[in-house]
Amino acid sequence: MSDDGVPECLDCGACCCSAYPRHVVVRGEDHAVLLPEELERYTVWLENVCVLGRVEGRCAALDVRTGRAVCRIYPRRPEPCRSFARGSDACAQARERHRPLGTAS
Ligand code: SF4
Ligand code: SF4
């Protein structure tokens with residue numbers, strides 16, 4: 001936990017969790033920059049919309065195996081992820097809805 005009371009993102013990952021299948025839409029250039037194997041592993045098409053897939057309620061691109069929340073496509077993550085601001089109201093809401101990794105019992 002940092003001084004501002006917000007966890008480090010690597011200890012959290014709450015905003016990478018969702019009950020909503022279209023949690024992150026992958027459009028245009030965001031789709032173009034993903035590697036073929038990343039598209040294969042981490043995205044799905046819902047009707048005619050490409051979205052990030054989910055595994056157990058988490059983004060398919062989120063790796064939690066080490067106990068930290070690591071985005072496997074961080075340099076190429078889509079715009080909704082890039083624009084999501086740590087410490088914002090949306091961040092607080094995500095942490096209310098989905099328990100940050102570092103606080104899991
Ligand atoms: S919910 Fe906030 S603190 Fe947690 S990973 Fe997302 S931006 Fe970072
Ligand atoms: S692409 Fe990365 S930052 Fe975006 S929801 Fe998935 S794991 Fe989180």
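Side notes on the structure shown:
- Applying the criterion of being farther than 16 Å from D11 by Cβ and in contact with a strand residue (DSSP E or B) (Cβ under 8 Å, 6 or more places away or on another chain) to the residues of the range 67-83, the residue that is surrounded by the most Cβ atoms within 10 Å (Cβ to Cβ) is P78.
- Cβ separations smaller than 7 Å between residues 6+ apart or across chains give the following pairs from the range 12-35 residues that are among the aliphatic types (A, V, I, L, M) to residues that are loosely packed, with under 13 Cβ neighbours inside 10 Å: A19/G57; V25/V49.
- Meets criteria (of a type in the set (A, V, I, L, M, F, W, C), on the phi < 0 side of the Ramachandran plot and within 11 Å of ligand 2 (Cβ to nearest atom)) for C91: no
- A94 surrounded by 15 or more Cβ atoms within 10 Å (Cβ to Cβ), of a type in the set (G, A, S) and in contact with a His (Cβ under 7 Å, 6 or more places away or on another chain): no
- Against the numbered list (1) over 20 Å from G87 (Cβ atoms); (2) buried (at least 17 other Cβ atoms within 10 Å of the Cβ); (3) within 13 Å of the chain's Cα centre (by Cα), Y20 comes up short only at (2).
- Residue in the range 1-21 that is farthest from P100 (Cα to Cα), counting only those that are within 12 Å of ligand 2 (Cβ to nearest atom) and in a loop (DSSP other than H, G, I, E, B): Y20
Every residue, every condition in (1) over 13 Å from the mean Cα position of the chain (by Cα); (2) surrounded by 11 or more Cβ atoms within 10 Å (Cβ to Cβ); (3) of a type in the set (D, E), yes or no:
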{"position": "L39", "(1), (2), (3)": "yes, yes, no"}
{"position": "A61", "(1), (2), (3)": "no, yes, no"}
{"position": "R65", "(1), (2), (3)": "yes, no, no"}
{"position": "A85", "(1), (2), (3)": "no, no, no"}
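- When the range 77-94 is limited to residues that are over 17 Å from R22 (Cα atoms), touching a residue at least 24 places away in the same chain (Cβ under 8 Å) and part of a loop (DSSP other than H, G, I, E, B), the one that is nearest to ligand 1 (Cβ to nearest atom) turns out to be R86.
- Condition check for G57: under 15 Å from R99 (Cα atoms) and in contact with a helix residue (DSSP H, G or I) (Cβ under 6 Å, 6 or more places away or on another chain): no
We did not get these values from a lab; they are worked out from the coordinates using the rules stated. Everything numeric here is computed off the predicted structure, so don't read it as measured data. Glycine also receives a Cβ, built like all others from the backbone with ideal geometry; neighbour counts cover every protein chain displayed.
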